[in-house]
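The values are calculated or read from the model by the stated rules, or taken from the named source; none is laboratory data. Bear in mind the structure is a predicted one, so any value in this text is a computation, not a measurement. Quick reminder, even Gly has a Cβ in these numbers, built from the backbone with ideal geometry, and neighbours come from all protein chains shown. The area values use the complete protein model at the heavy-atom level, side chains included, leaving out ligands, DNA and RNA. Shrake-Rupley method; radii C 1.70, N 1.55, O 1.52, S 1.80 Å.
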Amino acid sequence: MYNDQKAQFNQMVERSVEQANKNLSGAKGVVSVRLSQEEIDIIDQLVFLELAKNRSDATAMLIREGIRTHQTLLNEIREYTAELERVKAKIQQTIRDSGLVARLHRNSDDESVTYEGEVREKDEK
């Protein structure tokens, strides 16, 4: 690596290690991920260089750094998701208010609808 890249990498590692130490007591969950061999090799390098205690810590450190680096984009995604949730709730309420769901449930007890939209009687047992 070039000197600038090494300096940036070291800063990233230092920030992430500090954050990891702060978060160790507050770890909330476990996430399994599938990684390419190249990605695993990078994680193993961090462990080998003793920049992380183990693969789990190294992976968490890299994820945190990725989140921190892309915080603006992630905030935008969070805003869009909240907007989509509001639209989804409005659509669901409109459908409930229309009575469509109740009619569909009531009709499904008596008959079923084919893909072509034709109504046929349920098979009797």
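Which of the residues belonging to the stretch 63-95 are more than 30 Å from residue 39 (Cβ to Cβ) and either touching a strand residue (DSSP E or B) at 6+ places or on another chain (Cβ under 9 Å) or of a type in the set (A, V, I, L, M, F, W, C) (or both)?
Hits for the stretch 63-95 are 82, 84, 87, 89, 91, 95.
Here are some conditions: (1) at pLDDT below 95; (2) open to solvent by 100 Å² or more (accessible area, probe 1.4 Å). Residue 26 meets all but one. Which one does it not meet?
It fails just one condition, (2).
Can you say whether residue 35 is at pLDDT 95 or above and not in a helix (DSSP H, G or I), as far as the supplied structure shows?
Values: at pLDDT 95 or above: yes; not in a helix (DSSP H, G or I): yes.
Answer is yes for this residue.
Going residue by residue through the stretch 64-84, is there one that turns out to be modelled with pLDDT of 95 or more, assigned to a helix (DSSP H, G or I), open to solvent by less than 80 Å² (accessible area, probe 1.4 Å) and farther than 30 Å from residue 43 by Cα?
Looking for residues that are modelled with pLDDT of 95 or more, assigned to a helix (DSSP H, G or I), open to solvent by less than 80 Å² (accessible area, probe 1.4 Å) and farther than 30 Å from residue 43 by Cα, one finds at least one in the stretch 64-84, hence yes.
If we scan the stretch 1-17, do we find a residue that is modelled with pLDDT of 85 or more and assigned to a helix (DSSP H, G or I)?
Kept after step one, since they are modelled with pLDDT of 85 or more, are these residues of the stretch 1-17: none.
No - not one qualifying residue is present in the stretch 1-17.
Output the number of the condition that residue 93 fails; it satisfies all remaining conditions of (1) part of a helix (DSSP H, G or I); (2) modelled with pLDDT under 90; (3) more than 20 Å from residue 10 (Cα to Cα).
(2)
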